[in-house]
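Inspection log for the structure reproduced underneath, given as structure tokens.
The values are calculated or read from the model by the stated rules, or taken from the named source; none is laboratory data. Note that the structure is a prediction, hence the values are computed from the model and not measured. As a convention, Cβ positions derive from the backbone with ideal geometry for all residues, glycine included, and neighbour counts pool all protein chains shown.
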């Protein structure tokens with residue numbers, strides 16, 4: 001405790017000095033105990049590619065519906081005509097009132113127009129919206145020495161390098177110089193090591209549905 005000695009030998013306790021010292025010490029302890037503010041980290045290239053190629057919404061103007069896709073059809077104020085619909089192997093769907101309707105080969109926007117036209121016979125000024133709930137008709141496969149091998153939906157244009165990033169990158173002993181892309185009877189080679197160094201850039205082709213990427 002701090003003391004002040006005054007002339008005449010009298011002593012008093014300097015409560016003010018003690019109070020200031022205590023407050024200063026408490027402030028220092030609080031500052032030391034406070035956790036450091038978390039610094040926001042930018043998303044990695046892998047996360048960005050994953051969001052773009054896997055989590056991307058289907059564009060109703062450009063996506064072409066195919067067999068096994070799951071569609072979500074909404075007819076305004078008509079719950080009995082709304083709901084999920086699967087596209088059959090022949091490319092057709094079935095709807096109440098309308099029956100069978102060709103969906104394969106059409107975009108969601110075009111299909112909505114077709115449904116609207118057919119429903120005008122039964123519903124006054126129907127408003128129809130079609131979206132793709134699950135892409136099953138277009139997919140590619142990544143196999144071998146990658147961290148996340150498996151099947152991936154081909155929703156947006158995707159290159160070999162993007163697909164490899166989406167698959168989590170390479171395992172420790174992957175041969176990145178001898179990657180093989182199987183497309184039916186065709187075979188394409190992809191030398192990732194050269195590509196990442198800026199060599200032979202055209203080898204990084206866009207994938208097609210059914211392509212298999214094999215990393216030895």
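Where strands (runs of 3 or more DSSP E) fall wholly inside segment 1-114, the ranges with 2 or more residues that are within 19 Å of residue 156 (Cα to Cα) and modelled with pLDDT of 95 or more are 70-75. Identify the single condition in (1) within 16 Å of residue 66 (Cβ to Cβ); (2) surrounded by fewer than 17 Cβ atoms within 10 Å (Cβ to Cβ) that residue 98 does not satisfy, given that it satisfies every other one. Among (1) within 16 Å of residue 66 (Cβ to Cβ); (2) surrounded by fewer than 17 Cβ atoms within 10 Å (Cβ to Cβ), residue 98 violates only (1).
For residue 155, the criteria (1) out of contact with any strand residue (DSSP E or B) (no Cβ under 8 Å at 6 or more places or on another chain); (2) over 27 Å from residue 202 (Cα atoms) hold in every case but one, which is (2).
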